[in-house]
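As structure tokens, the structure follows; a few thoughts come after it.
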Amino acid sequence: MSKKLYIIAGCNGAGKTTASFTILPEVLDCKEFINADEIAKGLSPFQPENVAMQAGRIMLARMDELLQKGETFAFETTLATKSYKQKIEWAQANGYEVTLLFFWLDSPNMAKKRVAQRVAEGGHNIPLETIERRYYNGIVNLFTIYIDTVDICYIFDNSEGERTPIAKKYKGEKEIIYNTDLYNQMKNSYEKERS
């Protein structure tokens, strides 16, 4: 079996974790999933936000361990940081096929509402300004860094919870667009944020 690295990405509240619990084990046959939020809940179930930095360090250490062992795994991110590019390139240079699944919501307000709903159900909170910053940074980084770095990128609209395909891109090739309106809406928010 070839080595695979799956990146489950999208803004806060996009449904990444929910999708992961179905897609990874059942569709992609990936049994190892690293999620800093889940690690934080394990460290401090009632106040995971207080151990977010520690959870992030544990996640990165686990990623390095799995990469060194050559194991297939997935991790979750908002893509709000550029720091994963080096890990991706190292993985590719060492025989990994890297697939990015990006779950998009059509506005930062929807992301804020989803996080508020999660908090009402006992989940972890994220400050509103952080949600908005990560929303836009994730889209910008998707289009400026990650879409051309990974081997395969799938973009889904998860605004209605249906995981509607928007586009797919193979490294070195042009995007295959399934929904032009949603793709353009996404690109417009990216262009607006970059200007």
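Would you check which residues across the stretch 95-125 are closer than 28 Å to residue 184 by Cβ, of a type outside the set (Asp, Glu) and assigned to a loop (DSSP other than H, G, I, E, B) and list them?
Within the stretch 95-125, 105, 107 meet the criteria.
Any idea which of 145, 155, 139, 131 is within 15 Å of the chain's Cα centre (by Cα) and modelled with pLDDT under 95?
Of 145, 155, 139, 131, the one residue that is within 15 Å of the chain's Cα centre (by Cα) and modelled with pLDDT under 95 is 131.
Within the stretch 20-70, track down each residue that is of a type in the set (A, V, I, L, M) and within 15 Å of the chain's Cα centre (by Cα).
Hits for the stretch 20-70 are 23, 24, 34, 36, 59, 60, 63.
Please determine, by comparing only the residues of the stretch 4-55 that are in contact with a Leu (Cβ under 9 Å, 6 or more places away or on another chain) and among the charged types (D, E, K, R), which one is nearest to residue 117 (Cα to Cα).
If we take residues in the stretch 4-55 being in contact with a Leu (Cβ under 9 Å, 6 or more places away or on another chain) and among the charged types (D, E, K, R), then 16 is nearest to residue 117 (Cα to Cα).
Take the stretch 1-19 and flag every residue that is closer than 23 Å to residue 51 by Cβ, within 10 Å of the chain's Cα centre (by Cα) and not hydrophobic (A, V, I, L, M, F, W, C).
Correct list: 10, 12, 16, 17.
Which one of these does residue 66 not meet: (1) more than 16 Å from residue 141 (Cβ to Cβ); (2) out of contact with any strand residue (DSSP E or B) (no Cβ under 9 Å at 6 or more places or on another chain)?
(2) is the only condition that residue 66 fails.
Return the residues of the stretch 53-71 that are over 22 Å from residue 6 (Cα atoms) and either buried (at least 18 other Cβ atoms within 10 Å of the Cβ) or without any contact (Cβ under 8 Å) to a residue 12 or more places away in the chain (or both); say none if nothing qualifies.
53
Among the residues of the stretch 72-126, which ones are of a type in the set (Asp, Glu) and either surrounded by fewer than 15 Cβ atoms within 10 Å (Cβ to Cβ) or under 22 Å from residue 51 (Cβ atoms) (or both)?
Scanning the stretch 72-126 gives 76, 89, 121.
Of the numbered conditions (1) without any contact (Cβ under 8 Å) to a residue 40 or more places away in the chain; (2) surrounded by 20 or more Cβ atoms within 10 Å (Cβ to Cβ), residue 13 fails exactly one; give the number of that condition.
(1)
For the stretch 20-32, give me each residue that is part of a helix (DSSP H, G or I) and touching a residue at least 24 places away in the same chain (Cβ under 8 Å).
The answer is 20, 23, 24.
Just to be sure I understand, how many residues within the stretch 139-195 are buried (at least 17 other Cβ atoms within 10 Å of the Cβ), among the polar types (S, T, N, Q) and touching a Phe, Trp or Tyr at 6+ places or on another chain (Cβ under 8 Å)?
Selection size over the stretch 139-195: 3.
Would the stretch 33-40 turn up any residue that is closer than 19 Å to residue 163 by Cα, assigned to a loop (DSSP other than H, G, I, E, B) and touching a residue at least 12 places away in the same chain (Cβ under 8 Å)?
no
Could you tell me how many of the residues in the stretch 144-195 are among the small types (Gly, Ala, Ser) and under 24 Å from residue 13 (Cβ atoms)?
Counting residues in the stretch 144-195 that are among the small types (Gly, Ala, Ser) and under 24 Å from residue 13 (Cβ atoms) gives 4.
Residue 148 - would you say it is of a type in the set (Asp, Glu) and either in contact (Cβ under 8 Å) with a residue 60 or more places away in the chain or within 24 Å of residue 27 (Cβ to Cβ) (or both)?
For residue 148, the condition - of a type in the set (Asp, Glu) and either in contact (Cβ under 8 Å) with a residue 60 or more places away in the chain or within 24 Å of residue 27 (Cβ to Cβ) (or both) - is not met.
The values are calculated or read from the model by the stated rules, or taken from the named source; none is laboratory data. Fair warning: this is a prediction, and the values are worked out from it, not measured in the lab. Using ideal geometry, Cβ is built from the backbone for each residue, glycine included, and neighbour counts are taken over all protein chains shown.
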